[in-house]
Amino acid sequence: MTELPSLAPPADFFARDAVSVARELIGFQLLVDGVGGIIVETEAYTPDDPASHSFSGKTARNAAMFGDPGTAYVYRSYGIHWCLNVVCEPGSAVLLRALEPTSGIEHMQVRRGMEKLRLLAAGPGRLCQALAVDISLNGRSLQGAPFQLRLPARPHPVACGPRIGISRAVEQPWRFGLAGSRFISKPFPLGQHE
DNA sequence: CCTACGATCCCCT
DNA sequence: GGGGATCGTAGGC
């Protein structure tokens, strides 16, 4: 058996609704300057979604959410952490919530100040610290340097459930995860599977 | 294992 | 002036 080459997603991959993209991004490999891993947790935020930063229209902070599909939207969370999104159709985005570390693990361990693989990138703030993502990458395309995206190597089961840490539209099951992964930020409610 | 809470910044009301 | 798309630590069970 020969390994097939790992392919980047098609150019129009992100030009769709965020819920579909969030589900399909599970299993992709994401690297920033060669450091990263397998995407194991995402959340979708849609244009008419009261929980989305884009809900009240375009502002200085969320301007990147109205950029081209594939654009990075980076924002500061709770005054301390950075969070990384990929823009889909205008005013929508997918929050990248957790990675299973695969590449440049030593770099991530230094940046995070810990050895444990399980918590290196399990959470949107931890993911950005591990990959050195900050506001300087806001507005850049994830389909070019320093980012690298590769399609999943094989099929995999995807879990879904309510989104984390929001107070509005809490009932939408728009959080997705690699079923059974120990690298997600929080367990999924049992039985939510696709 | 779990829950509680403070840190700390910026955008928006 | 309020409130986060969070995280680490402390303390209880």
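Are any residues in region A:40-79 under 21 Å from A:Ala121 (Cβ atoms), within 15 Å of DNA strand B (Cβ to nearest atom) and under 16 Å from the mean Cα position of the chain (by Cα), and if so, which ones?
A:Tyr45, A:Tyr73, A:Val74, A:Tyr75, A:Arg76, A:Ser77 - these are the residues of region A:40-79 that are under 21 Å from A:Ala121 (Cβ atoms), within 15 Å of DNA strand B (Cβ to nearest atom) and under 16 Å from the mean Cα position of the chain (by Cα).
Is region A:33-45 home to any residue that is near DNA strand C (Cβ under 9 Å from one of its atoms) and more than 26 Å from A:Ser181 (Cα to Cα)?
For region A:33-45, residues near DNA strand C (Cβ under 9 Å from one of its atoms) and more than 26 Å from A:Ser181 (Cα to Cα): absent.
Return the only residue of A:Gly27, A:Gly57, A:Gly79 being among the small types (Gly, Ala, Ser) and in contact (Cβ under 8 Å) with a residue 40 or more places away in the chain.
A:Gly27
List every residue pair whose Cβ atoms lie under 6 Å apart, where the two residues are 6 or more positions apart in sequence or sit on different chains, the first residue falls within region A:166-182 and is surrounded by 15 or more Cβ atoms within 10 Å (Cβ to Cβ) and at pLDDT 90 or above, and the second residue, located anywhere, is of a type in the set (Phe, Trp, Tyr) and in a loop (DSSP other than H, G, I, E, B).
Partner pairs satisfying both residue conditions: A:Gly177/A:Phe188.
So which of A:Leu95, A:Leu117, A:Leu7, A:Leu84 ends up being crowded, with 16+ Cβ neighbours inside 10 Å and either closer than 15 Å to A:Gln148 by Cβ or among the small types (Gly, Ala, Ser) (or both)?
Of A:Leu95, A:Leu117, A:Leu7, A:Leu84, the one residue that is crowded, with 16+ Cβ neighbours inside 10 Å and either closer than 15 Å to A:Gln148 by Cβ or among the small types (Gly, Ala, Ser) (or both) is A:Leu84.
Here is a yes/no grid of residues against (1) in contact with a Gly (Cβ under 8 Å, 6 or more places away or on another chain); (2) farther than 21 Å from A:Asp49 by Cβ; (3) among the polar types (S, T, N, Q):
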| position | (1), (2), (3) |
| --- | --- |
| A:Arg140 | no, yes, no |
| A:Gln148 | yes, yes, yes |
| A:Pro152 | yes, yes, no |
| A:Pro162 | no, no, no |
| A:Ala169 | no, no, no |
| A:Gln172 | no, no, yes |
| A:Ile184 | yes, yes, no |
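Among A:Arg163, A:Arg126, A:Arg150, which is the only one that is closer than 20 Å to A:Gly36 by Cβ, more than 16 Å from DNA strand B (Cβ to nearest atom) and surrounded by 13 or more Cβ atoms within 10 Å (Cβ to Cβ)?
A:Arg150
Quick test for you: out of A:Glu100, A:Glu106, pick the one residue that is among the acidic types (Asp, Glu) and buried (at least 17 other Cβ atoms within 10 Å of the Cβ).
Being among the acidic types (Asp, Glu) and buried (at least 17 other Cβ atoms within 10 Å of the Cβ) holds for just one of A:Glu100, A:Glu106, which is A:Glu100.
The values are calculated or read from the model by the stated rules, or taken from the named source; none is laboratory data. Everything numeric in this text was worked out from a predicted model, so none of it was measured. All Cβ positions, glycine included, derive from the backbone under ideal geometry; neighbour counts span all protein chains shown.
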